[in-house]
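Peer 1: I have a structure I would like to understand better, so I am pasting it below and will then ask my questions one at a time.
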Amino acid sequence: MWLVIGIVLAIVLSVAAALMPRSERPGTNTSAEQARLDAIRKLEQPQTVETKTLTGTVKGVYGATIHLELIGSSDTSIRFASVLAETTYSLVNTKKLTVAGNPTVTTIKLSDIKPGDTVTVTSDEFVGTAKKFDVTEVQKVL
């Protein structure tokens, strides 16, 4: 009787492990997958009032303003990030790694930012509770 229960349990656990997505299996992530997961975890960190950086999903880009819905916060309101002439834009590609295993970073333009993109915006001012603010850097994360 116990032998049958043990065999059935072993079969169930084997099937469950086989069906589990590779990225969720302990110790099976490739360096590219791990870099992407680490970047996403970093983005999900809660924002504080004293922060100069916010991460969110782009809801739209209208002129020089990015409409951003925050990630990793109980506040899911839209924020308005105004870009300036000196604002820099970069693409952090966690799917394409350097020889050292870091995500590649390339320069992009505001026109490369689209609704649905995940971006991190950085300002010279504290933006934790601000609804509208100027940004000096925009990073699009893949």
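The values are calculated or read from the model by the stated rules, or taken from the named source; none is laboratory data. Here the structure is a predicted model, which means the values were calculated and not measured. Backbone-built Cβ (ideal geometry, glycine too); neighbour counts: all protein chains shown.
Peer 1: Mind checking which strands (runs of 3 or more DSSP E) fall wholly inside segment 38-107 and carry at least 2 residues that are within 19 Å of Ala130 (Cα to Cα), modelled with pLDDT of 85 or more and touching an Asp or Glu at 6+ places or on another chain (Cβ under 8 Å)?
Peer 2: Values: elements: 53-62, 65-70, 78-97, 103-107.
Output list reads 53-62, 78-97.
Residue by residue, here is whether (1) of a type outside the set (S, T, N, Q); (2) surrounded by 16 or more Cβ atoms within 10 Å (Cβ to Cβ) holds:
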position: Ser77; (1), (2): no, no
position: Tyr89; (1), (2): yes, yes
position: Ala100; (1), (2): yes, no
position: Pro103; (1), (2): yes, yes
position: Ile113; (1), (2): yes, yes
position: Thr122; (1), (2): no, yes
position: Val127; (1), (2): yes, yes
position: Lys140; (1), (2): yes, yes
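Peer 1: Looking at this structure, is Val138 of a type outside the set (S, T, N, Q), touching a helix residue (DSSP H, G or I) at 6+ places or on another chain (Cβ under 9 Å), farther than 25 Å from Ala35 by Cβ and outside any loop (DSSP other than H, G, I, E, B)?
Peer 2: Judged against the criteria, Val138 is not a match.
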